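Only one structure is covered here, and it is reproduced in the block below.
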């Protein structure tokens with residue numbers, strides 16, 4: 001008797017890993033003028049000293065409009081959008 005191929009247990013299952021938002025704002029780097037590193041999905045990295053810098057970096061990368069309160073758009077690491085010191 002010939003063995004039949006067994007169906008895969010993963011058949012029909014899709015990857016459920018959530019995608020990263022297009023903007024990631026990392027925690028504050030302290031210094032004379034504190035800043036946060038901004039990473040964009042296209043690999044662009046910039047420095048932001050306030051919220052307007054985050055919006056400007058996103059706009060320059062072609063991401064507009066930007067909803068800073070939407071977790072699908074921006075991931076804030078080490079504090080929210082009002083944490084800059």
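Just so you know, all these numbers are worked out from the coordinates, no wet-lab data involved. Computed from a prediction, not measured in an experiment: that's the story for all the values here. FYI the Cβ positions are ideal-geometry reconstructions off the backbone, even for glycines, and counts take in every protein chain you see.
Annotations for the structure displayed:
- The residues 30, 49, when put in order of fewest to most other Cβ atoms within 10 Å, stand as 30, 49.
- Entry note, region 23-76: relative contact order of 33 percent, from Cα contacts under 8 Å with a spacing of 6+ residues.
- At q = 0.21 Å⁻¹, base-10 log of I(q)/I(0) for region 23-76 (Debye sum, equal scatterers on each alpha carbon): -0.70
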